[in-house]
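Only one structure is covered here, and it is reproduced in the block below.
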Amino acid sequence: MKRLTSLLLAIFIITGIIPSAFAAYTDADPYADYYDSTLRLQDLGVLNGYDDGSFRPDNSITRAEFTKIVICMMDKDTEARAAGSYSSFFDVPGGSWFAPYINYAVTKDILSGYSDGSFGPYKTISLAEAVTILMRTLGYSEESVGYYWPNNYMSAAASLGMTEGINPDSNAQLTRASAAILVDRAMFTKPSGQNQNADTYLDTLGCTVLDDALILDKDKSSNNVTVLAGNLKLNNAQTYILKSQLEINEGDVFEHAVIDKNGYLAGIRKYGSTGSIASQTAIINKVTENNIEYTATDGRKGVYKADNDFIIYSGSSKMTFASAKSLCTNGTDITFYGNSYGAWNIAVVGSSSDVDPVLASKNYTDTDTVLEGIDINKTNLVIYRNGEAASLSDIQVNDVVYYNTRANIIDVYSKKVTGSYYSASPSKAYVESVTVGGKSYEIGYSAATSKLDASSGAFAIGDKITLLLGKNDKIAFVTDNSTGFDYFEYGVLLSTSTRTAAEGANEGNTEFIATMFMADGQEHDIVTDKLYKDHIGRFMRITYSGGVASLNTQSNSGLRNYEGTISLENRTIADRYVLKDAIIFQLTSDSDAAVASCELLDFDSLTSKSINTSQLINVVTANKFGDIAILFVKDLESTSQFGVISGFVKTGSETTGYKIFSDGASASYMLSNISTINTSAGSGVAFRAGGGTITSISPMYKIAGATSIGAVEGGRIMLSGTIYKLADKVQIVDVTGSEKMREYSIDELARMTNITSVTLYSDKSLSNGGVARIITVTTSNK
């Protein structure tokens, strides 16, 4: 089962140890059991080496040092330090750096001192003491493991595999190598007993953990890797940036892959003695109907019968066997993967080869036989545009095109970014990435470099440019887009601000910033000629001059011409054609929001059968025919519903659905081809559902919490002296009993005197304009 979270990980650095560069330690044995743990913890910012590049695996750790490690692993560093530096042990000075951690751990029954009233902060900690501390953080106690110490905790830890391969002598001094192994394993271990539904510390502290991870593809010219995790057949692959020191190859499988908050594949964990993804690599001899005849790498011949829906990957491209037969030719390498040998879920054919992109110089048709000088083999030709099946006629001017003639696959990317060329890094002469629209983009092809560096004919800082993005969103080409329709000339103003420029032509000066929601579905910070704070939530056209942008409101006259029937089959609205690349912005924020919010809608997925002028805000056409390029709407499609988890739908021990309390009632929903999320009963979630199934679900942001309410009225609530805005349709739910939740009104909430806790949930963070959409309370009695 795939577990996903996306929070911040910030853990520990032992006193006296300075973080070293992300490189293998000079004294760490790459074949030792502790090696992978040290790399993983280093990449995650958990445990670092010394400033001379060493790790010193055989060095011991004191009781004080290990206590701080564990407290920080629990993400209680701030709480511990805030509790003060008093000491209940005569050998723990009140002002010492370790006093807050020791005192916090003692109050939480994680550890204790000695019978003579001492703690022994400078004493080297033993294996038994370290294991006991970690097991207690995982919810184990004498009541659950027995009272004969240290055998009780040592036996429980061994049953979890935490001490496997470590010197079993419980009195042995703990080394840094063993500490890395223990802490690493503890972070992957779920809590015991009543806490079984809780996250692991690794999840809780901010990592994305992918279970049963298969490395599908590794880009030879970058550090990008494509990973397929969890259910190999149903899940989709994702691309991450690989930390340079990790040795990963295509076809590798891991029990866990750890993704940090920046999207880096920061760590991997190999399978233990049990459990793994089964695989078989072979060379295809021939394919007859649905039979794949092959010779395995060990020389054995075999046949696999694949149905038409059997999943085949070529690099990172996913397809069914029916559409991928042309790739399964004589001599092609193929690797089958599954939960057990012979019961294959997917296969990967060939290896991703480096293909230079070409720039489409025209709109192509199905009759074309040459693609930018490359002859097109139309026999079993496979074309993808932005990851979806396409045809030659879908290739448009200025698309970035990769033609793998060996596999006869054309990958087309249409993503573009237009804005002012703000800065180059590390310098314009040696440019590797550029900032446009407040975002940094890495150069992925030499044709782009020559347009962005300091050479003759390159664009200058402050010029309006259009970046044409290819694989992994790297810049393939750059133009001025002086002809043709530019979607990036338009956007919705979300917020405004000022800042002192830290780079670029305005360095050191004050800049006006407009945060715009743009055609790529992302927020872009654009430098403007003035502060447009009175236009928040409006649809704006962007023009550039001298490196700064002017925002112009768009006329909404003539909207009645676009009121009428929506036809997906004909791609029309009110009988007006909607371009294939058309963008639909939908405003999702309240009308008086200080910070607006938007989402993109997909025309082909619209459920609304018609549109009226109350839903239309702006329309932009792209040509003399009046074809629709951009729609700005509100309330056209229902956005995510909000609710509270009231229970779980189980099939055996597996979660296959959720019970959600929303709008005053609880209902059960089954998952529809999506993964479970890390959540618990009483937590707020955003979800989309229909016909008794959930098509998307995600945890909501917990923006505030308190044990009581200071004040509440209308559209605002005060917790701990801070005022938070409430959404127009905020839901207030009593979660004291998850199976018997009930909803309150604002007036009822204001009169309640028995509240013991209150939590505010939003679909966005506070920094992004989040308002409370769910309020949960617990009470001393119903």
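The values are calculated or read from the model by the stated rules, or taken from the named source; none is laboratory data. Just so it is clear, the model here is predicted, and its values are computed rather than measured. Counting neighbours? That spans all protein chains shown, and the Cβs are built from the backbone with ideal geometry, glycine included. To get the accessible areas, we keep the full protein, side chains included, count just its heavy atoms, and leave off ligands, DNA and RNA. Shrake-Rupley method; radii C 1.70, N 1.55, O 1.52, S 1.80 Å.
Here the stretch 438-457 is the region considered, the condition is being open to solvent by 50 Å² or more (accessible area, probe 1.4 Å), in contact (Cβ under 8 Å) with a residue 12 or more places away in the chain and among the hydroxyl-bearing types (Ser, Thr, Tyr), and the residue that is nearest to residue 487 (Cα to Cα) is 440.
Candidates 512, 477: the one that is hydrophobic (A, V, I, L, M, F, W, C), within 22 Å of residue 400 (Cβ to Cβ) and open to solvent by 10 Å² or more (accessible area, probe 1.4 Å) is 477. Checking each residue in the stretch 43-64 for being over 31 Å from the mean Cα position of the chain (by Cα) and in contact (Cβ under 8 Å) with a residue 60 or more places away in the chain picks out 56, 57, 58, 59, 60, 61, 62, 63. Residue 733 meets all of the listed conditions (1) part of a strand (DSSP E or B); (2) among the aliphatic types (A, V, I, L, M); (3) modelled with pLDDT under 90 but one, namely (3). Output the residue which, of all residues in the stretch 551-602 that are hydrophobic (A, V, I, L, M, F, W, C) and open to solvent by 50 Å² or more (accessible area, probe 1.4 Å), is nearest to residue 520 (Cα to Cα). For the stretch 551-602, the residue satisfying everything is 600. Pairs are defined by a Cβ separation below 9 Å, a sequence spacing of at least 6 or placement on different chains, a first member in the stretch 464-487 that is free of Cβ contacts under 8 Å to residues at least 40 places away in the same chain, and a second member that is in a strand (DSSP E or B) and open to solvent by 50 Å² or more (accessible area, probe 1.4 Å); the pairs so defined are 480/464. Is the stretch 122-131 home to any residue that is open to solvent by less than 30 Å² (accessible area, probe 1.4 Å), in contact with a strand residue (DSSP E or B) (Cβ under 7 Å, 6 or more places away or on another chain), part of a loop (DSSP other than H, G, I, E, B) and modelled with pLDDT of 90 or more? Taking every residue of the stretch 122-131 in turn, at least one turns out to be open to solvent by less than 30 Å² (accessible area, probe 1.4 Å), in contact with a strand residue (DSSP E or B) (Cβ under 7 Å, 6 or more places away or on another chain), part of a loop (DSSP other than H, G, I, E, B) and modelled with pLDDT of 90 or more.
Here is a check on your reading of the model: is residue 321 open to solvent by less than 10 Å² (accessible area, probe 1.4 Å), under 33 Å from the mean Cα position of the chain (by Cα), closer than 18 Å to residue 212 by Cα and at pLDDT 85 or above?
Working: open to solvent by less than 10 Å² (accessible area, probe 1.4 Å): yes; under 33 Å from the mean Cα position of the chain (by Cα): yes; closer than 18 Å to residue 212 by Cα: no; at pLDDT 85 or above: yes.
Judged against the criteria, residue 321 is not a match.
Residues in the stretch 252-291 that are modelled with pLDDT under 80 and closer than 22 Å to residue 325 by Cβ: 281, 282, 283.
Taken over the stretch 424-437, the residue count meeting the criterion of being closer than 22 Å to residue 400 by Cβ, in a loop (DSSP other than H, G, I, E, B) and open to solvent by 20 Å² or more (accessible area, probe 1.4 Å) is 1. Scanning the stretch 520-538 for residues that are out of contact with any Phe, Trp or Tyr (no Cβ under 7 Å at 6 or more places or on another chain), open to solvent by 60 Å² or more (accessible area, probe 1.4 Å) and under 26 Å from residue 386 (Cβ atoms) returns a single hit, 522. Residue 170 meets each of the listed conditions (1) farther than 25 Å from residue 54 by Cα; (2) open to solvent by 30 Å² or more (accessible area, probe 1.4 Å); (3) among the hydroxyl-bearing types (Ser, Thr, Tyr) apart from (2).
Here the stretch 375-410 is the region considered, the condition is being at pLDDT 85 or above and exposed (fewer than 13 other Cβ atoms within 10 Å of the Cβ), and the residue that is nearest to residue 325 (Cα to Cα) is 378. Of all residues in the stretch 513-534, those that are at pLDDT 90 or above have Cβ atoms under 6 Å from Cβ atoms of residues that are in a loop (DSSP other than H, G, I, E, B), 6 or more apart or on another chain, in 514/532; 524/437; 524/438; 524/518; 525/438; 526/437.
If the condition is being in contact with a strand residue (DSSP E or B) (Cβ under 8 Å, 6 or more places away or on another chain), loosely packed, with under 15 Cβ neighbours inside 10 Å, at negative phi and among the polar types (S, T, N, Q), then the stretch 716-754 contributes 722, 745, 754.
Residue 227 falls short on exactly one of the conditions (1) modelled with pLDDT of 85 or more; (2) part of a strand (DSSP E or B); (3) open to solvent by 10 Å² or more (accessible area, probe 1.4 Å), and that condition is (3). Just one residue in the set 499, 541 is within 21 Å of residue 485 (Cβ to Cβ), touching a strand residue (DSSP E or B) at 6+ places or on another chain (Cβ under 6 Å) and surrounded by fewer than 18 Cβ atoms within 10 Å (Cβ to Cβ); that residue is 541.
Taken together, the residues in the stretch 63-81 that are under 15 Å from residue 178 (Cα atoms) and open to solvent by 30 Å² or more (accessible area, probe 1.4 Å) amount to 1.
For a quick check of your reading: which strands (runs of 3 or more DSSP E) sit entirely within the stretch 504-547 and have at least 1 residues that are in contact with a helix residue (DSSP H, G or I) (Cβ under 8 Å, 6 or more places away or on another chain) and among the β-branched types (Val, Ile, Thr)?
Details: elements: 510-517, 523-528, 539-545.
Where strands (runs of 3 or more DSSP E) fall fully within the stretch 504-547 and carry at least 1 residues being in contact with a helix residue (DSSP H, G or I) (Cβ under 8 Å, 6 or more places away or on another chain) and among the β-branched types (Val, Ile, Thr), they are 539-545.
Return yes or no: is residue 421 of a type in the set (Ser, Thr, Tyr), at pLDDT 90 or above, open to solvent by less than 20 Å² (accessible area, probe 1.4 Å) and within 29 Å of residue 546 (Cβ to Cβ)?
On the way: of a type in the set (Ser, Thr, Tyr): yes; at pLDDT 90 or above: yes; open to solvent by less than 20 Å² (accessible area, probe 1.4 Å): yes; within 29 Å of residue 546 (Cβ to Cβ): yes.
So residue 421 passes the test.
Residue 357 passes every criterion in (1) modelled with pLDDT of 85 or more; (2) open to solvent by 20 Å² or more (accessible area, probe 1.4 Å) apart from (2). Would you check if residue 688 is part of a strand (DSSP E or B) and modelled with pLDDT under 90? It is true that residue 688 is part of a strand (DSSP E or B) and modelled with pLDDT under 90.
Among residues belonging to the stretch 82-118 that are in a loop (DSSP other than H, G, I, E, B) and within 34 Å of the chain's Cα centre (by Cα), point out the one that is surrounded by the most Cβ atoms within 10 Å (Cβ to Cβ). Full working, then the answer.
Within the stretch 82-118, the first condition is being in a loop (DSSP other than H, G, I, E, B), and the residues that meet it are 83-98, 108-118.
Subsequent filtering for residues that are within 34 Å of the chain's Cα centre (by Cα) retains 83, 108, 110.
Values: 83: 15, 108: 14, 110: 20.
Out of the qualifying residues, it is 110.
Candidates are the residues of the stretch 293-313 that are under 22 Å from residue 214 (Cα atoms) and of a type in the set (Val, Ile, Thr); the one that is surrounded by the fewest Cβ atoms within 10 Å (Cβ to Cβ) is 297. Filter the stretch 649-665 for residues that are farther than 26 Å from residue 238 by Cα and crowded, with 18+ Cβ neighbours inside 10 Å and give the result. 659, 660, 661, 662 - these are the residues of the stretch 649-665 that are farther than 26 Å from residue 238 by Cα and crowded, with 18+ Cβ neighbours inside 10 Å.
Among the residues of the stretch 610-647, the ones that are touching a Ser or Thr at 6+ places or on another chain (Cβ under 7 Å), assigned to a loop (DSSP other than H, G, I, E, B) and at pLDDT below 90 come to 3 in all. Tell me, yes or no, whether the stretch 621-631 has at least one residue that is surrounded by fewer than 18 Cβ atoms within 10 Å (Cβ to Cβ) and under 30 Å from residue 683 (Cβ atoms). Taking every residue of the stretch 621-631 in turn, none turns out to be surrounded by fewer than 18 Cβ atoms within 10 Å (Cβ to Cβ) and under 30 Å from residue 683 (Cβ atoms).
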